[in-house]
Amino acid sequence: MKHTDIREILTADKYVGKEVTVCGWVRTARDSKNVAFLALNDGTSLNHLQIVIDKQALNDVSPEAMKLGASVKVTGEVVNNERNNTNEINAKEITVLGKCPADYPLQKKFQKLETLREMPHIRVRTNTFNAVFRVRSVIAAAIHRFFQEKGYVYINTPLITASDCEGAGEMFQVTTIGYSDKYDNADDYYRDDFFGKKAALSVSGQLEGEVAAMGLGKIYTFGPSFRAENSNTQRHVAEFWHIEPEVAFAELDDVIELAEEMIKYIIRDYIEKCPEELKFFEERFEKGLTEKLMSVINSDFEIVDYTDAIELLKKADVKFEFPVEWGCDLQSEHERYITEQVYNKPVFLINYPKAIKSFYMKQNPDGKTVAATDLLVPGVGEIIGGSEREADYDKLLAAMKEREMSTEGYEFYLDLRKFGSVPHGGFGLGFERIIMYCTGMANIRDVILYPRTVGNIK
Ligand code: 4AD
């Protein structure tokens, strides 16, 4: 269907005086005796295009074109409205493409985010979700560009796997055998299943990412990861998009440097490419968002040792719900205290106790901690988890034994330490978490098209 994007018409002088055809959905309609107005949006801009209908000249417009949510095609002349210096169209012909009955759910100008969550197929027609998804797209492109410019190879790791990367047992099983009382034990059941063994959706592409990095040197992945964790929070979904670079010949410092450089690149690109969206989020969702993002670009992130963070938390003049002791896993309230109250900027926490971290992390010489890092940011908490990897075969095997892990399914992973092992590391960035940080959206369910959470698969 030949037509011009509304974004173009609104911004370019070259259309003034020309006849164009636009398509879109009716966002508002106003009717009076001699003239009627439609505000039309085709998704290409947060701003609507005003269609002016001179009823004397155009008297056969269908009443269906004046209904909220109807889709129409309009041909007419572009004129500049001097009052607000925007382009609008004097309609010559209006065709209704799709009628929209009165039970269209977006009748009110502003709807609660909770209400919109109940209709993911409709909420994309609001300005909020238009802005969210445009920013998602711009940031995804920025991430690819960042890694491509630095010579990283984009790798697609398998989504179906026989190994649990994080060892947390939070995996969704993949099976073609439904409910069955045919089997006496699990082994017989898995043997009969599609892969002949237990399979699951991957929680992370890291292990295979390491395989690729051991041949290609520098790689990154950008794909979905799945977590069957039963945490009904504002920051967790069961299916999220995960960016995981993996670098050979790298130590923890290099991993941290890469992560900081990437975050700053993403934010700089976002500020440059999405000024309208940023203004929208600033006005509607987070006062001071622009200033916050500018200060991220212009400041050095803090690096804090886990042990020092525990001391800070113990001294804090705050009553935490969860008690703090060396060795404890930090809760969201602790992370937020450190990044929001103490430093008010992004903080890399490093050197966590080995008992609370994954088997693959490089063991530090103190015998108690691992060379791990989480990046915590104000408002969202953890957005990145990463580490230097254990490159020593014996130490890795010992760490697996300590956790009572079977080596079955991890032979390839151990092989990497057998054949020309090198210091290496990487991290995982939660895509939805960085979108939350950049937009000020407080709930992860509002930055992904179809949020998958416990008990919800709409
Ligand atoms: O800290 P995580 O579990 O680390 C890993 O998966 C490593 N294998 C990454 C690596 O080193 N290659 O997860 C990494 C990030 C988290 O910091 C968070 O941003 C995001 O993934 N994430 C989630 N995002 C949304 N919903 C969930 N349930 C998430 N779980 C993790």
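Relative to one another, the C-alpha centroids of region 137-197 and region 108-126 are positioned 32 Å apart. Under the rule a/c < 1.5 gives rounded, and otherwise a/b versus b/c splits prolate from oblate, where does region 145-225 land using the Cα gyration tensor? Because a/c hits 1.5 or more and a/b exceeds b/c, region 145-225 counts as prolate. For the chain, the solvent-accessible area of protein heavy atoms averages 49 Å² per residue (probe radius 1.4 Å; ligands and nucleic acids excluded). The trypsin sites (Lys or Arg not before Pro) of region 135-217 that meet both conditions, a loop assignment by DSSP and at most 11 other Cβ atoms within 10 Å of the site Cβ, are Lys182.
Loop-located chymotrypsin sites (Phe, Trp or Tyr not before Pro) in region 379-458 (DSSP state not H, G, I, E or B) with no more than 14 neighbouring Cβ atoms inside 10 Å: Phe419. With respect to the chain, whose longest principal axis is taken over its alpha-carbon atoms, helix 127-149 is tilted by about 50°.
Report the GluC sites (Glu not before Pro) located in region 394-439 that are in a DSSP loop and have at most 15 other Cβ atoms inside 10 Å of their Cβ, or state none.
Details: sites: Glu402, Glu404, Glu408, Glu411, Glu432; in loops: Glu404, Glu408.
Answer by residue number: Glu404, Glu408.
Helix 275-284 and the long axis of the chain differ in direction by around 90°, with both axes built from C-alpha atoms.
Determine the share of the chain's accessible area contributed by carbon and sulfur atoms, expressed in whole percent, with a 1.4 angstrom probe.
Numbers: 11250 of 22590 Å².
The nonpolar share, carbon plus sulfur, comes to 50 percent.
Accessible surface for Val247 stands near 20 Å², nearest 10, in the context of the full protein assembly shown (1.4 Å probe). Computed from the alpha carbon atoms alone, the convex hull of the chain holds 196 Å³ per residue.
The values are calculated or read from the model by the stated rules, or taken from the named source; none is laboratory data. Owing to the predicted nature of the structure, the values given are computational and were not obtained by experimental measurement. For neighbour counting, all protein chains shown are included, and Cβ atoms are generated from backbone atoms with ideal geometry for every residue, glycine included. Note: accessible area is taken over every heavy atom of the protein model, side chains too, but ligands, DNA and RNA are not part of it. Shrake-Rupley method; radii C 1.70, N 1.55, O 1.52, S 1.80 Å.
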